[in-house]
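One structure below.
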């Protein structure tokens, strides 16, 4: 459908590329700043932003049909399910006052 | 149709001959048959191990084989039946054969990938067979660490590689189906005109694509641990063996739905055709397949209530598990309601469908016992669990597999099976199955643990009943094997649509030509529209009956 | 419907559009399976990092942040050359296409070489898990877990890079043979998706493996 | 086989057994009702609406939203009852009462090793008095096992490198099966034994009989001295190492600013991985005792540390006596 007719200008790519390099430098530098528990969050926010830029523009998700976007979102959702429900065990051991459980 | 009777056209079976035309084929129908032969062989092998297990359990003393050997028997029974028979069973044979025809396409979206999938299954099977002949494997199909990673000195690696490769066969089949169902439907065939068989396979494919890779990476981590002695799950290095269980069940619980969802699709077709009624609550049955596929990923922790998983996680997983019961219940009620005011025929496939609904109901309801925290503590890892999942997988999936095979046999080979023998074997299978597995519920609640080579005497009576049932069941499986082969040559020639069914697959000759349809069909009405079919048949002058 | 006749159209599709759509969707679904494949490893990582945060920080500080950051940049550059390759294919510039593909391969190789140096360095320092593992300080046991995950995850990633290089080599060969045109360049397109995906995996591996607790140790 | 031993329902021999069985009967009732309902409907429809002629074309019946809602909501209500009831029974079985007597369990391929507080050790046998809650603290030397006593409706996995707990309160004297329920290798089916529930007086007599070689805590103390722990850990003295007096159950401040509750798992970790959690104000100088102490030895050491509760000034005084 629209996918292969839509040719994106190299200028857009170059812009995205610059942003990606900037984000890499940012995440490296910010890791030296003591943000306490926030540092994981900051690192992940930067990584997710970087991923979104690559996916949306380099991988054309932004210009793709709804189904492709749904497939991507679904994949990420399932990753969250895996991580979240696994941590539901690991992070809650001892919550209900039962020793060792 | 009338014009073609004078000179029979070449069909997919007669279009080409020779072994090469089979091994290099990209025709989905031929690949379906390749799978049929392959998994039948694996079923016979897995059944052989089941027989040996049941013979050993005839007496309380472990007197037939040593415990090492017994442990290898049940491990190989599980590995072969699950990864090499049940996972591919309906999707790879009937799904492969029928989905393109049901949606009016010439083939799957990626025919060469489809052939590759078959080769991957064969390769995975070859590794497993190598492990078997080299000395076997004794970890159970669950491969729990640290037993599998450190303590077992059997052929764990070869089996793991086999499962890994067979897993990719499953992933690629699922991928192929999803793309095909999205992109290859005939004009006019909207989502809500699709046969429920296709809906069920779409849901199944979602699980294959989303779940199987996690099993793959779990196997990789296990192999790294076993091969290089570096521990991801090794408690000696601060690893958590319970993490292995989480990752394993993230796939292996939804995998149960890989096995049962396609059977639900088959049963929806059978119930509709042999009651000549549109499936009651079509949309609910369709969506319940997708709901089962999605919920199926949220409940794996119910395999781990006594594993030292946190109590809180236990509560969460138990709560979520009960929600899977709802779409399953919806299906059972809707199938039953479909029978109401129908025109019910007792042909063999319908007998299997009746059997499926009954046994799946029992299997599903006993699943509630296992989701209930307080009761699961007692019955976990006992024969209650063994009985429950055999009701789902043998009473459910295998019954539907046989029902579907009888139903589409004329389409696949252009021959009818012998009805009398088929009815007899359906009855024998049903009785044998219940005699085999019902006593195991009682055994389980009594406290008989699974995977026991020898057991206390008080369990013997029930074990003897179970073994007796297994021998009946074996007879029930041998009869169809014989008459199916017999029918290939001597069976009555099948017409294009022997059941007066509505699906697109019945609008093409039996067996179908290589390209399935002469012209791409245009779909103008919903699935299971028997009135429209009657009108068409009248116009074409087909005499009903 | 059969009016569109392209030499690249396979018999079971009706149109070139349908065929291209199918390929793209197929690749995306494959990438979802890849998300879940790496997802399992990320799950293991999440569990152990939450259990042993200090050991992970200490072990992470043993990694070379400069090489890690440079490699991240190298991969981003290779992703950029990859989109330019797709762009060249879309606009029918065959020479540019071959050039960008070769450039992508070059940066991919640079990444692997740097990675190889890093691994070798870890080997020399006895940071490879196993019987010869040695780690100074209070966290020896749990640090081994970090390095187990480090090698497993970067190893799987590198394996994907190697496969990607193989695919790119085939694409170069096909380009030189004149297989692609403005109308037909689906293989370039879907291979690009794969390459970017491998890049994204690294985008997560870099902060998760290299950048833990740097502020404590500098 | 002896026909007298045949039975169809397991004995009820713990406080939990009754409540598990009640819930089980409820589930059996629900399952039986729905199975019979479905079976009956299939039979009834199949006969009532059987195909009478091949040309028969039944009138289509259109789905009813009301029906769909009804058979969604009723099962949903029922399963929520199951969830709630099951959770109550489960929590009951998970939380050991405070006055429970302690028994330590070590699983290994393929036997159960049990230690009583008083020092008695048993293999594949457990003697306990009737009417008294028993709390098990369990670990494994190798693979995962599972401690299962069907008559008590009680089962819990036994893991290497970790302590798990379970409890039960026997209500009937007798001899009951002890099984390993988690597949653990070649002789898995041989990893079985007996639980003997005795009258309290009988149990006291059993405890008294046979030399035990001292209580668990006193054995732990001996080990504590053999391993030269006393060189640093001196009671009532603030030396290079933390004082262990009154440690168990307290909250410990750590060097990295966090805190940890001093339970069995913490003590175990501190002996095997001393540097994992360093107490605030101390240097990480303690060597690891990995490979030097068996799982049973660890349990004895833990029991010894637990016993250091009294305000006793003399460090050699054992906390519990026979």
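Read-outs throughout are calculated quantities, based only on the coordinates presented, and are distinct from any laboratory measurement. Bear in mind that the values here come from a model prediction, so they are computed numbers and not experimental data. Here the Cβ positions follow ideal geometry from the backbone for every residue, glycine too, while neighbour counts run over all protein chains shown.
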Estimated FRET transfer efficiency (residue D:173, residue C:113; beta-carbon r; R0 51 Å; 0.05): 0.10
Assuming a viscosity of 1.567 mPa s and a temperature of 4 °C, what translational diffusion coefficient in µm² per second does Stokes-Einstein assign to the stretch C:52-132, Rh being the Kirkwood radius over Cα pairs? 87 µm²/s
Translational diffusion of the protein assembly as shown, µm² s⁻¹ [Kirkwood Rh, Cα pairs; Stokes-Einstein; 4 °C; 1.567 mPa s]: 40 µm²/s
Label point distance in nm, residue B:44-residue B:427, each placed 7 Å from Cα along Cα→Cβ: 2.7 nm
When a/c is below 1.5 the answer is rounded, else prolate if a/b is larger than b/c, else oblate, so apply that to the stretch A:38-93 with a ≥ b ≥ c taken from the square roots of the Cα gyration tensor eigenvalues. oblate
Taking neighbour Cβ counts within 10 Å as the exposure measure, how do B:399, B:304, D:101 sort from fewest upward? D:101, B:304, B:399
Arrange D:232, D:180, D:241 by Cβ neighbour counts within 10 Å, fewest through most, would you? D:232, D:241, D:180
What shape does chain B have by the C-alpha gyration tensor, where a ≥ b ≥ c are the square roots of the eigenvalues, rounded means a/c under 1.5, and otherwise prolate means a/b greater than b/c and oblate the rest? prolate
Efficiency by 1/(1 + (r/R0)^6): what FRET value for residue D:255 and residue B:151, r their Cβ-Cβ distance, R0 = 51 Å, to the nearest 0.05? 0.90
Based on other C-beta atoms within 10 Å, arrange B:68, B:56 from fewest to most. B:68, B:56
By average C-beta atoms within 10 angstrom, highest first, the peptides A:50-62, B:203-215: B:203-215, A:50-62
Hey, what does the equivalent ellipsoid look like for chain D, semi-axes from the Cα gyration tensor as sqrt of 5 times each eigenvalue, largest first, whole Å? 53, 26, 18
What span do the alpha-carbon atoms of the stretch C:86-218 cover on each of the three principal axes, reported in whole Å from largest to smallest? 61, 28, 20
Residue B:119 and residue A:15 label points (each 7 Å along its Cα→Cβ direction) are spaced in nm at 4.6 nm
Within 10 Å of each Cβ of A:60-71, how many other protein chain Cβ atoms are there on average? 3
Convex hull of the stretch B:302-445 built on C-alpha atoms - directionally averaged projected area, nm²: 10.0 nm²
When you look at the Cβ of every residue in C:109-115, what mean number of other chain Cβ atoms sits within 10 Å? 0
Measuring from the longest principal axis of the C-alpha atoms of chain C, the long axis of helix C:65-90 (C-alpha) lies at a number of degrees, nearest 10, equal to 10 degrees
Given the C-alpha centroids of the stretch D:290-311 and the stretch B:272-347, what is the distance between them in whole angstrom? 51 Å
Put a dot 7 Å past each Cα toward the Cβ at residue D:33 and residue B:522; how far apart are the dots in nm? 5.3 nm
Taking N as the number of residues in the stretch A:2-64, the ratio of its alpha carbon radius of gyration to 2.2 N^0.38 Å works out to 1.37
Whole Å is fine, so just give me how far the alpha carbon centre of the stretch A:20-67 lies from that of the stretch B:370-395. 45 Å
Kindly rank C:27-39, D:106-118, B:85-97 from highest to lowest mean number of other beta carbons found within 10 Å of each residue. B:85-97, C:27-39, D:106-118
Within 10 Å of each Cβ in peptide B:241-252, how many partner chain Cβ atoms are there on average? Round it to a whole number, please. 5
Distance in Å, no decimals, from the C-alpha centre of the stretch D:32-88 to the one of the stretch D:221-286 is 63 Å
Could you work out the mean projected area of the convex hull around the alpha carbons of the stretch C:1-101, in square nanometres to one decimal? 9.9 nm²
Determine the calculated [θ] at 222 nm for the protein assembly as shown from helices alone, applying -39500 (n - 2.57) to every DSSP H run no shorter than 4 residues and normalising by the residue count; nearest 500 deg cm²/dmol. -19500 deg cm²/dmol
Determine the principal axes of the Cα atoms in the stretch D:216-307, then give the extent along each, sorted from largest to smallest and rounded to whole angstroms. 34, 24, 23
